[in-house]
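In what follows, a single structure is set out as structure tokens and then discussed.
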Amino acid sequence: MGSVAVSRLAVAEDLPAASIVDQVAAIARRELAPHAAAIDEGTVYPDALLRRLGDVGAWGSHRPADGVADLRCGIQSIAALGDVCGATAFMAWCQNTLVWYASNSDNPKLVAKFAGKFASGEMLGGTGLSNPMKSFFGIEKLKLRGRKVEGGYIVKGALPWVSNLGPDHYFGTIFEREDEGGGIVMFLADCSDPAITLQPCKPFLAMDGTGTYAVQFRDVFVPDELILAEPAGPFVKKIRAGFILLQAGMALGLIKDCIQIMDEAEAPLSHINRYLPQQPTQFRELHAEFEQETMALARDPYNSDDSYWRRVIALRLRLGDASVAAAHAAMLHCGARGYLKSHRAQRRLREAYFVAIVTPATKQLRKMLAGDEH
Ligand SMILES: Cc1cc2nc3c(=O)[nH]c(=O)nc-3n(C[C@H](O)[C@H](O)[C@H](O)COP(=O)(O)OP(=O)(O)OC[C@H]3O[C@@H](n4cnc5c(N)ncnc54)[C@H](O)[C@@H]3O)c2cc1C
């Protein structure tokens, strides 16, 4: 895989939120857009661009301070990227989620060593929480197992897909304790560890430039310094709304571009497109409604009320459905011009399905809303 060559700016800490989103949007338009097709094809993993986004504060605004966190700027930044490239919006989610885990950890050594470096983009990585998230809702069993040893744990097993990875990257995930029934531990996996192997995945429908690998753990020693939370249960309850809400950025950006695609088809094709049942104006209304609900929920990610959690899940379900609906409508509005491989409408459709299948997938969200958690 190649990488996108970009110049690095001086690290811009403490930038106001609006300025961060503006700068991310400018980078998306100028530096990401020319590479979106190559990222989609999987010939580029844009690590330099991700670091550059870190320079302007894209990965740091949602870090908690004094027990309070605000995800609005983080979500809007992901949306600005998603407006241009769904794969990059997903990598942005991966990186933001990694920051979210490290910044919320109670392990002072881990926080001191990693939280700032993840937030600045100096260190990159992601999350391997799909399998644990499915296991908590009785969909599948935990795939990693660990046992306590002097100074840490020994972990083995394999995860089928983890994104935004490379040889020096990190990701947060969970193992089940073999030596303590019901015990689960959340930790940072260090991809440079020789006992961890990254295996390239078979080509996907989209998202091939996202640095996605199958990850094998062969009796990996995980030192205490890499433990995010032990036991992991209460920590997962704390970070789960943020994990899901940050995904809203992927959907909001994608839906916005699908509206733009429909608008672009308007001039040459309005005489016939007006017969289509779904019009850009409906998606504009929906987008505004989703944005409002997302921003309201994103101000309060530690809210532990059940009603709040249900609102987060319901929103996430609607965002997946609407992403697919908007991309489908964009295809119908474009007609043959959107059927060309060179047109982004078909890329947006493939990306939209990812929003609907990435954990928590549509079917899992429906199970959760049905209250059938086990
Ligand atoms: C491009 C891509 C990137 C992803 N990145 C991440 C990531 O960064 N972190 C993360 O935790 N998860 C990642 N995932 C996983 C993702 O979040 C979902 O878990 C996954 O798409 C399946 O979710 P599902 O709920 O539909 O499960 P289902 O597809 O219903 O079931 C999943 C289970 O089916 C089995 N299975 C699925 N496909 C195959 C296959 N080809 N061969 C054999 N068995 C199979 C496996 O046991 C798997 O656990 C990624 C997936 C994709 C496609």
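Throughout, read-outs are computed from the coordinates displayed, never taken from laboratory work. Please read all numbers here as calculations on a predicted model, not as lab measurements. Cβ sites come from the backbone with ideal geometry, for glycine too, and all protein chains shown count toward neighbours.
When the gyration tensor of the range 246-321 is built from Cα positions, what are the square roots of 5 times its three eigenvalues, in whole Å, from largest to smallest? Write out the running numbers ahead of the final one.
Working: eigenvalues 197, 24, 14 Å².
Semi-axes (√(5λ), whole Å): 31, 11, 8.
Each of the peptides 342-352, 77-87 was scored by the mean count of other Cβ atoms within 10 Å over its residues; in descending order, highest first, they stand as 77-87, 342-352. Structure remark: mean-square fluctuation, Gaussian network model of the chain, C-alpha springs under 10 Å; the largest value among THR173, THR210, THR362 belongs to THR362. Counting other Cβ atoms within 10 Å, which trypsin sites (Lys or Arg not before Pro) in the range 106-179 have at most 11 and lie in a DSSP loop? Hits after loop and neighbour filter: LYS141.
Among rounded, prolate and oblate, which fits the range 124-181 when a ≥ b ≥ c are the square roots of the eigenvalues of its C-alpha gyration tensor, a/c under 1.5 means rounded, and a/b larger than b/c means prolate? Oblate.
List, in the order given, every pair from LYS202/LYS238; LYS113/LYS363; LYS143/LYS238; LYS109/LYS134; LYS156/LYS367 whose Cα-Cα distance in the structure shown is over 26 Å.
On the way: LYS202/LYS238 34 Å; LYS113/LYS363 38 Å; LYS143/LYS238 22 Å; LYS109/LYS134 29 Å; LYS156/LYS367 29 Å.
With Cα atoms farther than 26 Å apart: LYS202/LYS238; LYS113/LYS363; LYS109/LYS134; LYS156/LYS367.
The GNM of the chain, with springs linking C-alpha atoms under 10 angstrom apart, assigns the highest mean-square fluctuation among GLY42, GLY183, GLY116 to GLY183. Taking amide H atoms as placed 1.01 Å from N in the peptide plane, the amide H of TRP161 lies under 5 Å from those of VAL215, each 5 or more residues away in sequence or on another chain. Applying a DSSP loop filter and a limit of 15 other Cβ atoms within 10 Å to the GluC sites (Glu not before Pro) in the range 153-248 leaves GLU178, GLU180. Counted as membrane-span-like here are DSSP H helices of the chain whose alpha-carbon atoms extend 18 Å or more along the helix's own axis and whose Kyte-Doolittle mean is -1.0 or above; these are 86-104, 233-245, 248-273, 280-298, 306-334, 344-357. Working note: Cα atoms of the range 236-369, range along each principal axis, descending, whole Å: 50, 25, 21.
Please say if the range 156-248 is rounded, prolate or oblate, where rounded means a/c under 1.5 for a ≥ b ≥ c the square roots of the C-alpha gyration tensor eigenvalues, and otherwise the choice is prolate for a/b larger than b/c and oblate otherwise? Oblate, since a/c reaches 1.5 and b/c is not below a/b. Relative intensity of the range 1-150 on a log10 scale, I(q)/I(0) at q = 0.10, 0.15, 0.19, 0.21 Å⁻¹, equals -0.38, -0.81, -1.15, -1.30, per a Debye sum over C-alpha point scatterers of equal strength in the absence of solvent.
Just need the relative contact order of the chain here, percent rounded to a whole number, with Cα pairs under 8 Å and 6+ apart.
Values: 727 pairs, mean separation 66.8, N = 374.
In percent, rounded to a whole number, it is 18.
Here the sum of -39500 (n - 2.57) over DSSP H runs of 4 or more residues, divided by the residues of the chain, equals -15500 deg cm²/dmol at 222 nm, to the nearest 500.
When the dipole is taken about the Cα centre of the chain, and only Lys, Arg (+1) and Asp, Glu (-1) are charged at their Cβ, what size is it in debye, to the nearest 20?
Numbers: 40 positive and 42 negative charges, 171 e Å.
With Lys and Arg at +1 and Asp and Glu at -1, about 820 debye.
Normalised by 2.2 N^0.38 Å, with N the number of residues, the alpha-carbon radius of gyration of the chain equals 0.96.
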